[in-house]
Each structure stands twice: as C-alpha cells, then as structure tokens.
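Chemist: Below you'll find the structure I mean.
None of the figures in this text is laboratory data; all of them are computed from the coordinates on show. The structure displayed is predicted, hence computed values, not measured ones. Because the Cβ atoms are built from the backbone with ideal geometry, glycine has one as well, and the counts that use them run over all protein chains shown.
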Amino acid sequence: MLVIAGSIIWWWSSVEKQAASAAKATNALPIKVPVTAAKVVTADVPIYLNGLGTVAPYQTVVVSSRVDGEIIKVGFKQGQMVAKGDLLFNIDPRPYQAALDAAEAKKAQDQASQTEAELNLKRITDLSGKGADSKQQLDTQQATVDQLAAMIKGDQAQIDSSQLQLHYTTIRAPITGRAGFRLVDVGNIVHAANATSMVAIDQLQPISVVFTAPEEDIGRIYTALAAGDVPVLAESSDGLKTLSKGRLAIVNNAVDATSGSISLKATFTNADNVLSPGLSISTRLLVETLRQVTVIPHGAIQNGPDGLYAYVIGADDKVAMVAITIGSDSDGTAVVLTGLHSGEVVVTSGQYRLGPGTLVDGTLPANQVAPAAKVP
C-alpha cells in the first residue's frame, strides 16, 4: 500500500510540473494584435469635382404647322422613337394643289401670249426695215414682249410659292428622337399664324446633363478644357453606380451670383438609353490627374493631438506612429505628401488597440492594386 501511494504522489507531482512548464511557455509567447493592412503604393490619381445634375434633351424641336388646314393623317404613335424624315402629320393638300394648278395655268397662258408677242415683234421689225411700220410701233411691241417676260417670272414665283405651301402639308420629323404627347388629332384645324404646338421631339442620342460647379473651381475647369476633352461621369443619385461616361461640352458665360456657382453642360452618347430627360443624377468631372503619387487607403489615416498619422508595420511586426501630411483625399484614397514611401505597410483597420511598439498580425488584401489608378 505504501508503494502504491508513493507512486501516485510521484505521478501527480510530475503532472503539476508539466502543466507549470506549459503555462510558462504559453505566457512567454508574445501576443500579436490582428489588424488589416495595406501597402503604400505609387499610382495615378484622378481628381474629380462632384456635383448634382439633371438630364436634358440634346435638343428639343416643337413641331408646328406652316400652313392652315385640316389634319387628315397622323403618322406616328405617342412616345415612340422617330427618325429624321419620318411622317408625322398630313394636312389636307387639296386647296394648295388647286392653287398650284392655277399658277401653272397662268404661266402657260402668259407664255402663249409671249410667243404671240414675239412673232408680232419679228414681223414689225421686218416691216420697219422696209419702211412699212414706224419706230413707235416697234417700241410698243418690244415693251409688250418685255412685259410678258416679267409676268412669266412672276408666274414662276407664284408656282414656287404654291409648291412650297403644298410641300408644307406633309409634316416630317426634323430630327431623330422620341416623340412626346400628341397635342392635335385627325380632324383638327391648324393655323400657321397661331403656331400651335402639334408635338415635341426630344433628341436623346446624344443627350445632355446640366450641372453646376463652385465658382472657385472655374480656373481648374478651364485649365482642363485647354488640355483637351474633359471626361464627365454620370452616376446614380446615390453615387453607387456609374450610368454613363461623357465629356464636358459647355461652360456657361457667367457665374450665378446668388448661388456662387457656374452652370455646365456635358454630352453623353447614351447609346443604351440609360439617361432620360428629367433624371436627377450625380456628376463627377475630371479636372486633373496626379501622376505617380504616393497613395494609401483612407482608412489608414489617424487623427491625433499633434495632427495626422499612420501606423506603419515594421519588419519585426511592431507598429510605429508616423506623422503624415495628406493632399487629395477622395473615393477612399488619400495622396500622401510627406511621411510615407511606396512599399511600406500601413494599418487600415484595428488601430484602436494599437500603440507605439505593439506587435501586430497584419493581413494584406490578396489582390491589392494601386487605389484609384484607373482614369476614364
């Protein structure tokens, strides 16, 4: 019994020693704080001016009649796309066809009279050479021929006018675009003098976006224009989705003194018809591209009592607080002016548990690329 009891005591003592050794080993291991990190990179960074805009037709044509008459045919459906030259309306052409026929008949009559007068002039000229007719008769007949020639010119002018009036009875689309609500129907009488709108057509390809920019940015905008086309992005009103890419077309010639802003207009091809007149969107105008600058994710920037800083992870996995100065800071990317260099690793999340010298276990994104390096 004594032997068994001694064996148990020895075994239990050994277990306690092993547990104590394991605890010491565990306590000796340094604890690393898990953080998310990113490399400092060099990239091209686009600088945008953000704003709010409204989509507007590239141009709008209000169709009216140039002649009086009854509408006898409508050649389109409301809201449909029409091509330039498509039939929109037919106005009763019969009164204008009758006027044209009358003008052509008057010209034919005057031409016949002119032919007769020219024959008489020839006969009088021949007789005058033989002394049979007086000089006065010759002059009178010449005047008659000239008068008829002038009348024929007037007849032709009347024919041209009548043909034009007849042409106006067929109303065709002046541009390619989307027709709006039809404001007159078959059987209505329209009058040219009233200039009543019959339908409006909006050109949607290309299409325009009207937006504003602060007056202090006018110089940057003109500088960008002087260098070439200025890209403009049209985004959903929440800024989460890019709808279309276009270019700046017009800068207004005056600043709105009330708002302190200047109106701008951009043009978009709108091939997929994603932009519609009246749609409210967010705009981003590219005024400058900073070439090969040092950039970090915005999440790496910390604000302390002495200014901005970032936690830099050293080769020994310890972090150091490094004072930094920042230039442009947008779209989740900040341009570093001083304090950091390309290739260094900075902490982007989890900083609340850190201090100078803290050991960290930094996780780098597997597919990290240069932030904001893509320029439209």
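Chemist: Applying 1/(1 + (r/R0)^6) with R0 = 45 Å to the Cβ-Cβ distance of Asn252 and Ala195, what FRET efficiency is obtained, to the nearest 0.05?
Modeler: That gives a FRET efficiency of 0.95.
Chemist: When ranked by the protection proxy of mean other Cβ atoms within 10 Å per residue, highest first, what sequence do the peptides 300-308, 315-323 form?
Modeler: Top of the packing list down: 315-323, 300-308.
Chemist: Also, I was wondering about something else. In whole angstrom, and with the biggest value first, how far do the Cα coordinates of the chain range along each principal axis?
Modeler: 176, 48, 39
Chemist: Looking at the chain, what % of its DSSP beta bridges pair antiparallel, to the nearest 5?
Modeler: Close to 95 percent.
Chemist: For the range 63-186, what does the relative contact order come out to in percent, with C-alpha contacts under 8 Å and a separation of six or more?
Modeler: Taking the mean separation of contacting Cα pairs over the length of the range 63-186, I get 50 percent.
Chemist: Answer with one residue from Asn270, Val33, Thr289: the one whose Cα lies farthest towards the positive end of the charge dipole of the chain, charges on Cβ with Lys, Arg +1 and Asp, Glu -1.
Modeler: Val33
Chemist: Now, a different point. When the chain is fully extended, how far beyond the present Cα-Cα distance does Met81 get from Ser259, taking 0.36 nm per residue of separation?
Modeler: 60.3 nm
Chemist: For the range 63-186, what is the convex hull volume of the alpha-carbon atoms per residue, in Å³?
Modeler: 105
Chemist: At 222 nm, what value in deg cm²/dmol follows for the chain if DSSP H runs of at least 4 each add -39500 (n - 2.57) and the sum is divided by all its residues, to the nearest 500?
Modeler: About -10000 deg cm²/dmol.
Chemist: Another question about this same structure. Consider a paramagnetic label point 7 Å from the Cα of Ser113 along Cα→Cβ; state which residues of the range 138-181 have an amide N under 18 Å from it.
Modeler: 140-159
Chemist: Assuming a viscosity of 0.890 mPa s and a temperature of 25 °C, what translational diffusion coefficient in µm² per second does Stokes-Einstein assign to the range 122-228, Rh being the Kirkwood radius over Cα pairs?
Modeler: Estimated diffusion coefficient is 113 µm²/s.
Chemist: Here's a follow-up. For the range 170-264, with equal point scatterers placed on the C-alpha atoms only and solvent neglected, what are the log10 I(q)/I(0) values from the Debye formula at q = 0.18 1/Å, to two decimals?
Modeler: -0.95
Chemist: Tell me the net charge near Ala200. Cut-off is 14 Å between Cβ atoms, Ala200 excluded, with +1 for each Lys or Arg and -1 for each Asp or Glu.
Modeler: Taking every other residue near Ala200 into account, the sum is +1.
Chemist: Let me know the volume per residue of the alpha-carbon convex hull for the range 216-306, in Å³.
Modeler: Dividing the Cα hull volume of the range 216-306 by its residues yields 195 Å³.
Chemist: Explain nothing, just the number: dipole magnitude of the range 138-227 about its Cα centre with +1 on each Lys and Arg Cβ and -1 on each Asp and Glu Cβ, in debye rounded to the nearest 20.
Modeler: Computed charge dipole of the range 138-227: roughly 360 debye.
Chemist: Can you give the extra length, in nm with one decimal, that the chain gains between Gln59 and Leu225 once fully stretched, where that is 0.36 nm per residue apart less the Cα-Cα distance?
Modeler: This chain segment gains 57.5 nm when fully extended.
Chemist: Follow-up question, since we're still on this one. Where the only charges are on Cβ atoms (+1 Lys, Arg; -1 Asp, Glu), what is the dipole of the chain about its Cα centre, to the nearest 20 debye?
Modeler: In debye, rounded to 20, the chain gives about 900.
Chemist: Helix check for the chain. Which DSSP H runs span at least 20 Å along their own axis by Cα, with a mean Kyte-Doolittle hydropathy no less than 0.0?
Modeler: Membrane-span-like by this rule: 2-28.
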